[in-house]
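Coordinate-derived values only; no laboratory data. None of the values given here were measured: they were computed from a predicted structure. Cβ placement follows ideal geometry from the backbone for every residue including glycine, while neighbour counts extend to all protein chains displayed.
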């Protein structure tokens, strides 16, 4: 479900997903059920930076 949603929706609608603030400023999020995809738009490309459960996706990594 997660992979097919990302492949289907993200490339076409990347600019319409909410922009993030704070530590993640300049990035966007895509919600798929309980999971979040954090990504950046770089020119005509979408760069996926993180995919994780919503309770973990915004935590700083060590």
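Under 16 Å from a label point set 7 Å out along the Cα-to-Cβ vector of residue 2, the amide N atoms of the stretch 22-62 belong to 29-39, 48-59. Most fluctuating residue of 52, 40, 14 in a GNM of the chain with Cα springs under 10 Å: which is it? Between 52, 40, 14, it is 52 that shows the largest mean-square fluctuation.
With neighbour counts taken as other beta-carbon atoms within 10 Å, the residues 1, 47 rank, fewest first, as 1, 47.
Treating each Cα of the stretch 2-53 as an identical point scatterer and summing with the Debye formula, the log10 of I(q)/I(0) at q = 0.14, 0.18, 0.19, 0.28 Å⁻¹ comes to -0.30, -0.51, -0.57, -1.24. Of the residues 33, 43, 15, the one that moves most in a GNM of the chain with alpha-carbon contacts below 10 Å is 43. Springs join every pair of Cα atoms under 10 Å in this Gaussian network model of the chain, and among 28, 36, 50 the largest mean-square fluctuation is at 50.
Per-residue ellipticity at 222 nm for the chain, helices alone: DSSP H runs ≥ 4 residues times -39500 (n - 2.57), over residue total, nearest 500 deg cm²/dmol? Spell out each step's value before the answer.
On the way: 1 runs with 12 residues, N = 62.
After summing the helix terms and dividing by the residues of the chain, the value is -6000 deg cm²/dmol.
Length available on full extension from residue 44 to residue 20: 0.36 nm per residue minus the Cα-Cα distance, which gives 6.7 nm.
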